[in-house]
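A.B. asks: My structure is below; once you've seen it, I'll send some questions.
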Amino acid sequence: MKETAKQIKDKFFELGVDIPIGDIEERLDKLVTKFKVPMDEARRSVINYFLKEHNMDRSDYFAGQGEQQPQGESPQMNTADILEADRWVSLRGKIVQLWDNTHESISQVGLIGDETGTIKFTKWQNAELPDVEEGKCYQFMNVMSKEWNGRINIDLNKNSSIEDLDEDIDIDVQGPSTESPQVNTADITEADRWVSLRGKIVQLWDNDHESISQVGLIGDESGTIKFTNWQSAELPDVEEGKCYLFSNVVSNEWNDKIQINLNKNSSIEEIDEDIEVGNSSVTFTGALVDIQSGSGLIKRCPECNRALTKGACTEHGKVEGLYDLRIKAIMDDGIVTQEALLNRELTEQVGEMTLDDAIAMAADALDQAVVLDLIKKKLVGKYYTVTGPKLDRYILVDSIEQESQVDIALVDDLLTEVEVA
Amino acid sequence: MAGYFREVAKRIFAQEFRESNLTFKDGDDQYAPQYLLTPTAAKVNRMFIVGTLTEKEDIGTDSEYWRGRVSDPTGSFLVYAGQYQPEAAQILVECETPAFVAIVGKQSTYTTAEGDVLTSVRPESIQVVDGNTRDLWVLDTAKQTLDRINSLKDDENDTVKAVEHYDTDAEHYRVMVKQALESLKENQ
């Protein structure tokens, strides 16, 4: 135990945090002796405890393993030359964009640009650095390059420093200086590309973020793609069902999905044609292996239609919800899993109950969960084929059919295959 | 880092499951999922089975701990559900035998004092289903097993590992698949 405590102490010391060894031992001992936690688990728990205590990120502790201190002055580089992760570098550049960040341990996140291009930066809360402003130029010293999702970006940490620069840097943002190429939505497969596209606004979604002006789906003949129009872009609103030319928008990746962002460099122009939106409907057959929470009888916010959690809407607080039925199913064909979303109509169909039945059932049992239990009992473990457009992780199901009888022709085919081999 | 992904529920017949004994983890993290590599190189963490619940028994001493035996055309699976699988255990309590059940669960192994590895299933959910669903599963599992048998010569990592470990006899598992498929025709 002493050894484990020492290791933890040393590692934190390397990261610039001096924790009394007694504190570490005390916590370890309590977990291992009093609460019978295995040493591995105890170590993990203690590390996490002190990381949290000092407002540090897990990646600080586990990444790099010991080479977290820059050796002297790190080399001055251009953004385009930062190609490798885990290097200490310095660079001068202009803050091209600041993004909203949702993570409390991140202080600021955005894009730094110079003559050679742009690079994403993350300024961590625990770096205790001054805030930077959009459009201003700075010298960044001792920042660390990191790889995330196959892309290099830079981290500003405790060892980094920021100095104001009294000059204007011409930035090359790979596009907006010239007109970015017009593409189809289906061709937008890579992040950080400047593109233009024409399409129809298929859906506008509720957006729960004050810095987002509009968010929704734009579609063309080749499919649909999510777009986010940031408040800071100061662009006109778009309307559902109308067609627009989006110029100079930039693609980014979020949760493995490509989407597009409209920013200050972008423009929106309404166009006078009707674009036929391609139907990217998919079909999936497999076993329905699970139904996620938030399924069954739910309540929605009367204002924004969001599902309520514990009677409250994330946007509008405590509201008198409206009942609805839905199913978030997980399908699995033995090769991949696929999430599928069933609306009220389909839930009523496969659950063999109306919304009113469900409400009555819940009232009888004094528990909404009975509806979900019944739905699980009916659906889980059976084979279904679902069809509908695919959106993010979900298939928005248009139709669902339970697989009928075994196809004897297929059995015969397989038997032949077994025998000839 | 790939982030969270849900383990796919693999389809394997009871005979192959019973003949499996090679477990490993991807990575050193104590929370890394454990996999069972089967003779036809299915890499199993979660599995989906549909079969006939033939026996059930409370073998718990202090608290209830249910053991169920679920048979398919090639053999049977052992399923254990206790206080940490309350929903599944409850179905075992209520369910009559025999009954067709669909089980989604995780593979689990136990090594005896003699060094034999026993495989079992720790259910996440058990549902009573109809015979049609059971037949669909047999067909599904036959097809996926056959696909794996046909890929045994691939130089994919897990396949090589499985063939090396088990010295897999493709013919042996072809016979198993054939037997399962023929049982579907007898039902007609």
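The values are calculated or read from the model by the stated rules, or taken from the named source; none is laboratory data. In this text the structure is predicted, and so the values were computed from the model without any measurement. Cβ placement follows ideal geometry from the backbone for every residue including glycine, while neighbour counts extend to all protein chains displayed.
A.B. asks: Counting only residues that are in contact with a Lys or Arg (Cβ under 8 Å, 6 or more places away or on another chain), surrounded by 20 or more Cβ atoms within 10 Å (Cβ to Cβ) and not in a helix (DSSP H, G or I), which one in segment B:79-106 is nearest to the other protein chains (Cβ to nearest Cβ)?
C.D. replies: B:Ala102
A.B. asks: Mind checking which residues of segment A:403-421 are charged (D, E, K, R) and either facing another protein chain (nearest Cβ under 7 Å) or under 15 Å from B:Met176 (Cα atoms) (or both)? Steps first, answer last, please.
C.D. replies: Filtering segment A:403-421 down to residues charged (D, E, K, R) leaves A:403, A:407, A:412-413, A:417, A:419.
Within segment A:403-421, A:Glu403, A:Glu417, A:Glu419 meet the criteria.
A.B. asks: Now for a separate question. Across segment A:86-111, which residue is modelled with the lowest pLDDT among those that are touching a strand residue (DSSP E or B) at 6+ places or on another chain (Cβ under 7 Å) and among the β-branched types (Val, Ile, Thr)?
C.D. replies: Looking only at segment A:86-111, we keep the residues that are touching a strand residue (DSSP E or B) at 6+ places or on another chain (Cβ under 7 Å), and these are A:86-99, A:101, A:105-111.
Okay, now just the ones that are also among the β-branched types (Val, Ile, Thr), so A:89, A:95-96, A:106, A:109.
Numbers: A:Val89: 89, A:Ile95: 90, A:Val96: 84, A:Ile106: 87, A:Val109: 89.
Among them, the one singled out is A:Val96.
A.B. asks: Moving to a separate point now. Take the conditions surrounded by 22 or more Cβ atoms within 10 Å (Cβ to Cβ), within 7 Å of another protein chain (Cβ to nearest Cβ) and on the phi < 0 side of the Ramachandran plot and apply them to B:Val177. Does it pass?
C.D. replies: For B:Val177, the condition - surrounded by 22 or more Cβ atoms within 10 Å (Cβ to Cβ), within 7 Å of another protein chain (Cβ to nearest Cβ) and on the phi < 0 side of the Ramachandran plot - is met.
A.B. asks: Residues B:Glu114, B:Glu124, B:Glu171: which one is part of a helix (DSSP H, G or I) and either at the interface with chain A (Cβ under 10 Å from one of its Cβ atoms) or surrounded by fewer than 18 Cβ atoms within 10 Å (Cβ to Cβ) (or both)? Walk me through how you get there before you give the answer.
C.D. replies: Details: B:Glu114 fails: part of a helix (DSSP H, G or I); B:Glu124 fails: part of a helix (DSSP H, G or I).
Being part of a helix (DSSP H, G or I) and either at the interface with chain A (Cβ under 10 Å from one of its Cβ atoms) or surrounded by fewer than 18 Cβ atoms within 10 Å (Cβ to Cβ) (or both) holds for just one of B:Glu114, B:Glu124, B:Glu171, which is B:Glu171.
A.B. asks: Any idea which of A:Leu51, A:Leu83 is modelled with pLDDT of 80 or more and part of a loop (DSSP other than H, G, I, E, B)? Give the derivation first.
C.D. replies: Values: A:Leu51 fails: part of a loop (DSSP other than H, G, I, E, B).
Exactly one of A:Leu51, A:Leu83 is modelled with pLDDT of 80 or more and part of a loop (DSSP other than H, G, I, E, B), namely A:Leu83.
A.B. asks: From the set of residues in segment B:1-46 that are of a type in the set (Val, Ile, Thr) and outside any loop (DSSP other than H, G, I, E, B), which is farthest from the other protein chains (Cβ to nearest Cβ)?
C.D. replies: From segment B:1-46, those of a type in the set (Val, Ile, Thr) are B:8, B:12, B:23, B:38, B:40, B:44; that's our starting set.
Now drop any that are not outside any loop (DSSP other than H, G, I, E, B), which leaves B:23, B:44.
Numbers: B:Thr23: 19, B:Val44: 11 Å.
Restricting to residues being of a type in the set (Val, Ile, Thr) and outside any loop (DSSP other than H, G, I, E, B), the top hit is B:Thr23.
A.B. asks: Let me ask another. Within segment B:49-71, is even one residue surrounded by 14 or more Cβ atoms within 10 Å (Cβ to Cβ), closer than 26 Å to B:Lys161 by Cβ and not acidic (Asp, Glu)?
C.D. replies: Yes: one or more hits.
A.B. asks: On to the next question. Could you tell me which of the residues A:Ser211, A:Ser180, A:Ser232, A:Ser145 is touching a strand residue (DSSP E or B) at 6+ places or on another chain (Cβ under 7 Å), at pLDDT 80 or above, of a type in the set (S, T, N, Q) and outside the structural domain of A:Ser107 (by TED's automatic domain parsing)? Outline the logic, then answer.
C.D. replies: Details: A:Ser180 fails: at pLDDT 80 or above; A:Ser232 fails: touching a strand residue (DSSP E or B) at 6+ places or on another chain (Cβ under 7 Å); A:Ser145 fails: outside the structural domain of A:Ser107 (by TED's automatic domain parsing).
It is A:Ser211.
A.B. asks: Same structure again: Given segment A:204-312, what strands (runs of 3 or more DSSP E) lie entirely inside it while holding 1 or more residues that are in contact (Cβ under 8 Å) with a residue 60 or more places away in the chain, within 14 Å of chain B (Cβ to nearest Cβ) and among the acidic types (Asp, Glu)? Full working, then the answer.
C.D. replies: Values: elements: A:212-220, A:223-230, A:243-254, A:257-262, A:267-270, A:281-291, A:296-300.
Ranges flagged: A:243-254, A:281-291.
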